[in-house]
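Student: One structure, pasted below without further comment.
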Amino acid sequence: MIVTRWQAPIMPAVEEMKQILEREGLECSIEIADPDRKMGDHRHPFTEIRVVLSGQMIFSIAGNQMLLRPGDRVEVPSNTRHSHYAQGGSPCECLVAQRVC
């Protein structure tokens with residue numbers, strides 16, 4: 001798992017974030033996590049890349065929890081068990097892409 005925290009004082013617009021992922025050869029889509037619904041433990045046969053656009057998300061991998069905020073990026077290796085949910089009572093909007101290994 002790789003977590004990259006956005007360090008600049010201004011976050012890029014959604015289209016700019018999409019372009020960053022597209023330059024890596026990834027196709028992405030927007031996903032909105034409802035604060036009333038937890039995505040339980042699951043795995044994928046691909047690497048998942050997730051960038052938080054708005055809101056906050058609690059992301060759990062291998063028993064470790066982390067809070068992701070706007071601009072934060074997480075890469076979950078294929079076949080890694082993970083779960084997530086929106087934090088703070090409001091939806092969390094993310095760009096989500098996958099890399100087939």
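Student: When you go through E16, E24 one by one, which is the residue that is at pLDDT 90 or above, surrounded by fewer than 14 Cβ atoms within 10 Å (Cβ to Cβ) and within 15 Å of C94 (Cα to Cα)?
Tutor: Just one listed residue meets the conditions, E16.
Student: Go through the stretch 7-50 residue by residue and tally those that are on the phi < 0 side of the Ramachandran plot and assigned to a loop (DSSP other than H, G, I, E, B).
Tutor: The total comes to 19.
Student: Select from the stretch 50-83 the residues that are crowded, with 18+ Cβ neighbours inside 10 Å and of a type in the set (D, E, K, R) and list them in ascending order.
Tutor: Passing the criteria: R50, D72, R73.
Student: Which numbered condition in (1) among the small types (G, A, S); (2) surrounded by 15 or more Cβ atoms within 10 Å (Cβ to Cβ); (3) touching a Ser or Thr at 6+ places or on another chain (Cβ under 9 Å) is the only one that A86 fails?
Tutor: (3)
Student: Next question. Looking at the structure I just gave you, is Q98 of a type in the set (S, T, N, Q), assigned to a strand (DSSP E or B) and either crowded, with 17+ Cβ neighbours inside 10 Å or touching a residue at least 24 places away in the same chain (Cβ under 8 Å) (or both)? Full working, then the answer.
Tutor: Details: of a type in the set (S, T, N, Q): yes; assigned to a strand (DSSP E or B): yes; either crowded, with 17+ Cβ neighbours inside 10 Å or touching a residue at least 24 places away in the same chain (Cβ under 8 Å) (or both): yes.
The answer is yes for Q98.
The values are calculated or read from the model by the stated rules, or taken from the named source; none is laboratory data. Predicted, not measured: the structure shown is a model, and the values here were computed from it. Note that we place each Cβ from the backbone using ideal geometry, even for glycine, and neighbour counts take in every protein chain shown.
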